[in-house]
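Right, one structure below, let's go through it.
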Amino acid sequence: MGQQARTRRAATTAALLAATMSAALAAGCTGAGGPADDGRGQSPSSRQSPSEGRDESGPTGASVLAVKLDNARAARPHTGLDAADLVYVEQVEGGLSRLMAVYASELPKAVGPVRSARESDLELLAQFERPALAFSGAQGRLMPLIDKARLDARTPEKAADAFYRDPDRAAPHNLYLRPGELPASAPGADALTTGFRYGPAPAGGEPRESRTVRYPAARFTFTWSAERAGWLLSTDGAPTETSDGERVAPATVVVQHVKVRASAFRDFLGNNTPYTETVGSGTAEVLRDGRSYDVRWERRSATDGTGFTTADGTPVNFAEGQVWVVFTGA
């Protein structure tokens, strides 16, 4: 990507993030009488057109598909999660977790259950060139900001044929996406402008059998499996499997220590929505090949990917295969 394009995207992103705070402070937070979590009860006519205020210049080639996934107990097992190149884990209201699965190499037949977007997603997704974001809806005051962002928002209202309900599951944990119904195709790994590097393991590291990350109301444990050449995931103490019975086992796990602060938004119950800051720098642990590496991470702006380096500044390679990035408090 050229410097001019990056400069334009950086300026746009900064303006949008500033607008997020000013709009929220002007409008106030949503209390118990506000819209439901998914925002599905709102009228489409009350929202800004997805093309209004959006910079339509720049590349128009295929980009990644990001899907917001429910991760409550009732939402498991997931469908299509094993096909994702990258999975981000973030804390949401009530100390629970939500996933963002990013697809570039292949698009599965179905993905879900799909849930709502959050303010942090705008900053996180700005690293990609106009990604498609599939989600069920969002807090009412957040939707105009999503519509202005440099992404293609895909919701049941805007792409009805691409979503369906599973009658065997209870709402709201039963909304699924058919990626093949979207006007998109798998762009290939080159679209993953994350800054990640792949190759031989760095020197050093400590042998590690497992690593657990805890949120106030969620728990993730990654246990090394030489047979699978990956880290077997357990969520809230139970093995994490996809709907086809496959155990989730990413090749690389990044436990990234970040600032998690209160955002300017609340859910329909009045709970504050945490904001995960992914721009900046800090410490992280990279798990690969049965070893743990203490590293530094840096992301200079929202339009940049994230670099991971050892203490002497050497870039850290990830193992080939799926990557999970678990954001946790610094």
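The values are calculated or read from the model by the stated rules, or taken from the named source; none is laboratory data. Because the structure is a prediction, the values reported are computed rather than measured. A quick note on method: Cβ atoms are made from the backbone with ideal geometry, for glycine too, and the neighbour counts reach across all protein chains shown. The area values use the complete protein model at the heavy-atom level, side chains included, leaving out ligands, DNA and RNA. Shrake-Rupley method; radii C 1.70, N 1.55, O 1.52, S 1.80 Å.
With respect to the conditions (1) under 19 Å from E90 (Cα atoms); (2) hydrophobic (A, V, I, L, M, F, W, C); (3) open to solvent by less than 20 Å² (accessible area, probe 1.4 Å); (4) touching a strand residue (DSSP E or B) at 6+ places or on another chain (Cβ under 6 Å), V295 falls short on a single one, namely (1). Exactly one of (1) closer than 27 Å to F265 by Cα; (2) open to solvent by less than 20 Å² (accessible area, probe 1.4 Å) is unmet by R141. Its number? Here R141 meets the rest and fails (2). Taking the conditions exactly as written (basic (K, R) and closer than 27 Å to E320 by Cα), does K158 satisfy them or not? No; evaluated as a whole, the condition is false for this residue.
With the structure loaded, tell me whether R288 is touching a strand residue (DSSP E or B) at 6+ places or on another chain (Cβ under 9 Å), open to solvent by 40 Å² or more (accessible area, probe 1.4 Å) and in contact (Cβ under 8 Å) with a residue 12 or more places away in the chain or whether it fails that test.
Values: touching a strand residue (DSSP E or B) at 6+ places or on another chain (Cβ under 9 Å): yes; open to solvent by 40 Å² or more (accessible area, probe 1.4 Å): no; in contact (Cβ under 8 Å) with a residue 12 or more places away in the chain: yes.
Answer is no for this residue.
With respect to (1) within 19 Å of L99 (Cα to Cα); (2) open to solvent by 30 Å² or more (accessible area, probe 1.4 Å), the lone exception for F163 is condition (2).
Within the stretch 83-123, the set of residues being aliphatic (A, V, I, L, M) and either open to solvent by 10 Å² or more (accessible area, probe 1.4 Å) or within 19 Å of K158 (Cα to Cα) (or both) comprises A83, L96, L107, A110, V111, V114, A117, L122. When T314, T278, T306, T328 are checked against the criterion of being surrounded by 17 or more Cβ atoms within 10 Å (Cβ to Cβ) and farther than 25 Å from S105 by Cβ, T328 stands alone in meeting it.
Would you mind finding the one in T221, T235, T242, T212 that is touching a His at 6+ places or on another chain (Cβ under 7 Å), of a type in the set (S, T, N, Q) and either open to solvent by 10 Å² or more (accessible area, probe 1.4 Å) or within 14 Å of L81 (Cβ to Cβ) (or both)? If you could, list the steps in order and put the result at the bottom.
Details: T221 fails: touching a His at 6+ places or on another chain (Cβ under 7 Å); T235 fails: touching a His at 6+ places or on another chain (Cβ under 7 Å); T212 fails: touching a His at 6+ places or on another chain (Cβ under 7 Å).
Matching residue, one of T221, T235, T242, T212: T242.
Rundown of residues vs (1) among the small types (G, A, S); (2) more than 22 Å from L81 (Cα to Cα), yes/no style:
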{"site": "E246", "(1), (2)": "no, no"}
{"site": "V254", "(1), (2)": "no, no"}
{"site": "V260", "(1), (2)": "no, yes"}
{"site": "S301", "(1), (2)": "yes, yes"}
{"site": "D304", "(1), (2)": "no, yes"}
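Of the strands (runs of 3 or more DSSP E) lying entirely inside the stretch 197-261, those carrying at least 3 residues that are closer than 26 Å to E123 by Cα are 210-215, 218-225.
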